[in-house]
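The values are calculated or read from the model by the stated rules, or taken from the named source; none is laboratory data. Every value quoted in this text rests on a predicted model; they were computed, and no experiment measured them. Ideal geometry is used to build each Cβ from the backbone, glycine not excepted, and the neighbour counts take in all protein chains shown. Areas reflect the complete protein model, heavy atoms only, side chains present, ligands, DNA and RNA absent. Shrake-Rupley method; radii C 1.70, N 1.55, O 1.52, S 1.80 Å.
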Amino acid sequence: MEKFDFEIVEIPSYKAVGLKWEGSYNEIPELKRIIHHMSQRVNELERALHPKIHLGLSYHVRPDGFLHYSAYEVCEDQAIPEDMEEITIPAMSYLITHHKKGDDIGHTYHRIYQWFKESEYQPYREPNVEYFDDLPIKHERYPSDRDLKDPHFDILIPVLKK
């Protein structure tokens, strides 16, 4: 089996502001437009903590798709620009791994899923929320210099001990 590089990290609660999208897998071209649009609007977030790290926060709460926030981490006092939303991410433990440029994204996520099957952890699920994916919450951190056709990025999956 190939080596799987990862860490389990504690991340404190934080606030993010950005554009919210909810849709089916067939509507992903629209999501890509929203992500590009949000990357063009980061300058509207004067209190962005890491303006070169674009967050993709996905929640698989639909059988045919997911809810996604294209956002940036901000200070508590960040004003929310028109048509953007604020989301507060609670403090949690995460599996963090890196998807490398040139690798297949589906393969990277399959390796994560396999790791969960063999580890002492399970993916976190919010109580009283129905999820439709074995990895129900996926947070991705994209550097601003990524190649949109072949990106490299960090993947963070909230975890709990089994």
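I'd like to check one number: the per residue accessible area of the chain, probe 1.4 Å, reported in Å² as a whole number.
Heavy-atom SASA per residue in the chain reads 56 Å².
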Exercise for the section: Over the alpha-carbon set of segment 1-122, work out the extent along each principal axis and list the three values in angstrom, largest first. Expected result: 48, 34, 28
Fill in the blank from the handout: GNM of the chain, Cα pairs under 10 angstrom: of 11, 137, 34, the biggest fluctuation goes to 11
Practice task
Please find, in a Gaussian network model of the chain (springs between Cα atoms separated by less than 10 Å), the residue of 106, 56, 65 whose mean-square fluctuation is greatest.
Solution key: 106
Practice task
Just subtract the alpha-carbon distance of residue 118 and residue 147 from 0.36 nm times their residue separation and send over the number in nm, one decimal.
Solution key: 7.2 nm
Problem - Loop trypsin sites (Lys or Arg not before Pro), segment 20-80, which have at most 15 other Cβ atoms in a 10 Å radius of their Cβ (DSSP) - result: 47, 52
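How many lysine pairs are close in the chain, with Cα atoms under 14 Å apart and the two 8 or more places apart or on different chains? Don't jump to the answer; show the numbers that get you there.
Numbers: 3/100; 20/32; 32/149; 100/149; 101/149; 117/161; 117/162.
Lysine pairs, 8 or more places apart or on different chains, close enough: 7.
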Exercise for the section: Specify the residue with the greatest mean-square fluctuation among 60, 139, 37, computed from a Gaussian network of the chain linking alpha-carbon atoms under 10 Å apart. Expected result: 37
Fill in the blank from the handout: With Cα coordinates, the longest principal axis of the chain makes an angle with the long axis of helix 28-41, in degrees rounded to 10, of 50
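When the accessible area of the chain is computed with all protein chains present and a 1.4 Å probe, what percentage of it is carbon and sulfur?
Carbon plus sulfur share of accessible area: 51 percent.
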Fill in the blank from the handout: The helix 105-118 Cα axis meets the longest alpha-carbon principal axis of the chain at an angle in degrees, between 0 and 90 and rounded to 10, of 50
